Each structure stands twice: as C-alpha cells, then as structure tokens.
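These notes concern the structure reproduced below.
The values are calculated or read from the model by the stated rules, or taken from the named source; none is laboratory data. Just so you know, these numbers come straight off a predicted model, no measurement behind them. Counting neighbours? That spans all protein chains shown, and the Cβs are built from the backbone with ideal geometry, glycine included.
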Amino acid sequence: MSAVQNESRKRSKKRYVAGHQGKRWKGSRELEVGMQGILITCNMNERKCTAEAFNLLNEYADKLYGLEKLQDNNGSSSEEEAEEEDIDVALKKEVAQLQASGAKQERRFQALDSGANNVIFIKTNNLEPDKLVHHILSDLYTTKKKKSRVILRMLPVTGTCRAFQDDMVKYLTTFLEPWFKTPNCATYQIAFKARNSSHNKRDEIIKSIAGLVGKLNPKNKVDLTNPELTIIVEVIKAVCCISVIKDYTLYRKYNVQEVVKEDTPKPDVATVKTDTNTAEQKEKSDETNQEDKKGEEENDKNVKQDNEVGDKGDDVGE
C-alpha cells in the first residue's frame, strides 16, 4: 500500500471516530406520530435522567397497575411437556415457541429518542400516561419528598400528530371533545413550546386552538391565572405531542423539583392593610407626642423667663 493511500485511510478513520464521538446517545427508536408516553426534560445528563425516569415511573406504576407481567417465552411448563401429544401438535407447539422467543416484547416503558437535546420520551404501553403523571405529582406535592436529581418536568403525551397547523387543528377537533365539547366546559390555558421546529408560529397556533375550543362550547373561557385545565402542545421537529392536564399551576407546571418545595405563605391583604394602618397611626401618634413634648418644653421655658422677669420687678419696687 502506498504512503498516499495509507494517509488517506488514516484521515477517513479519524473523521469516522470523531463523527461517532460527537453524536449524542439515542434510544432504540424515535418519537413518532401515533405514540403515547411521557416527555421528560432534564439538565444535560440524559442517561441519568432516563434511569431516574424508569425508577420513578415503575415505582408508581406498580402501585396503580400492579407489577409488570412479562410473557414467558421459554415454552410451556414441565407438566405440559410431560403430556403425551401427537406429532402434529408437537410440531405446531415448537414453531409457536420459536416465534415467541424470537419476537421482541413490548415493555410497559420504553425510552426513545425525542429529537431534542435534554428531552427524553418514554413510550407507554397499556396505561394512561396522564393519570400516572398526575398521580406522581400529587404524591410529591403532598409528601414533599424529593425522588429525583436531574429530572425537571414530566409532561404526559396522550396524543400525537404531524406538527403542521392544519394537521394539528384537524386532530385537535376530535381530541379535545371529551373536555370542551358541549355540555362539557372549563376554564383553560394553552401551554405551547416548539423545539427544532421553525415552521409554526406560537401566536398563530395558540389563536387557532383557542378558536377551536370556543367553537366546541362558547362557555369555555381562558384563564391564565388558575385554569381548570391546561392544553399542552409540545412540538419536536415534525411531531406534535398533545395532552390535557389538571392542576398545572398547582403542581408548578409539572416540575418535579419545584413541586416538593414548601409553599411560601402569601400575606393576607386584610392583615397587611391593618398592619399598615397601625403603623401609620403609631407614626402619627409619635409625631403628636413629639409636638406635645416640644410644646411643653417651650411652655416651661416661657414660665421660667416670666418668673425671672417677675423677680427682677419685685427688686425694683422695693
């Protein structure tokens, strides 16, 4: 091999290694339209976030749904194997076992590549992600027990569609009916965020969704302070993740770090007003007392001067 060819291979190898070292970790699959799951944001460390997410989700899923049951792909029990079977049944059984052992099982939770940095997507199977996440936040809010270090927010995803405005409106027309279509109604807000996507304008999306909710029932009203429901719209590349959740404000925008912090008591308006009035009255009283004291001092001074003048007058008369 010539020196030129050898040098060319070295350069190619360096580019290959550098390219693979620069890639971030990805799950076995990517977030796609038609999936349900949980979007989890973290602070830089996606691997640790994924591990924490599995621990946290499995802990609460076991309480809500029971332990995860996996099919035994190793075949039938020893008692069944001992039974006499004809050749046709035995062959069919063996083929079925081989097919089962070769098939990949769907676990309750699967980590997928979300398509954005510091965001992981946990695909859920045969459970309700909104119910599970609300249960987790409710428990953390009540117990104030911190159970994660790198997880920031946990947002359930109960529906996905293509991340184009026409597709989103068409999908949401049916998706939002259980919460907002007559006779159902509620106060609401829309939480929209787009990552690695520039073809959607935030204000236009929010306006179109609000118009859609208004058509479902005119009694639906926007409330940005303390809404009953929050419509989550998270766009990542070409996928739009959607859910409708409760207690978004109460549970600190579903932030697991903030929800465990103790609530800061808000000062009572009446108490503040009373304290202010008391302080003002005290200040006025102090000013009045100072003026009275000053007046008494001046009176004492005048009396002393009058006494001195009176004494001098007596001397002259004598």
(request) Being free of Cβ contacts under 8 Å to residues at least 40 places away in the same chain and not acidic (Asp, Glu) is the filter here, so list the residues in the range 220-252 that pass it. (result) Lys221, Val222, Leu224, Thr225, Asn226, Thr249, Arg252
(message) more than 15 Å from the chain's Cα centre (by Cα), assigned by TED's automatic domain parsing to the domain that holds Tyr171 and either on the phi < 0 side of the Ramachandran plot or charged (D, E, K, R) (or both): is that true of Lys131 in this structure?
(response) no
(request) Take the range 140-189 and flag every residue that is more than 17 Å from the chain's Cα centre (by Cα) and among the hydrophobic types (A, V, I, L, M, F, W, C). (result) Cys161, Ala163, Phe164, Met168, Val169, Leu172, Phe175, Leu176, Trp179, Phe180, Cys185, Ala186
(request) Residue by residue through the range 170-201, note down the ones that are at pLDDT below 95 and either part of a strand (DSSP E or B) or more than 18 Å from Leu39 (Cβ to Cβ) (or both). (result) Ser198, His199, Lys201
(message) Restricting to the range 219-246, and then to whatever is surrounded by 18 or more Cβ atoms within 10 Å (Cβ to Cβ) and not hydrophobic (A, V, I, L, M, F, W, C), can you tell me which residue is nearest to Asn184 (Cα to Cα)?
(response) Asn220
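Quick grid of which residues meet (1) under 22 Å from the mean Cα position of the chain (by Cα); (2) modelled with pLDDT of 95 or more; (3) assigned to a strand (DSSP E or B):
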| residue | (1), (2), (3) |
| --- | --- |
| Tyr16 | no, no, no |
| His20 | no, no, no |
| Val33 | yes, yes, no |
| Leu39 | yes, yes, yes |
| Thr50 | yes, yes, no |
| Tyr60 | yes, yes, no |
(message) Need pairs with beta-carbon distance below 6 Å; first residue over 13 Å from Ile231 (Cα atoms) and within the range 164-187, second among the basic types (Lys, Arg) and in a loop (DSSP other than H, G, I, E, B); sequence gap 6+ or separate chains.
(response) Cys185/Lys219
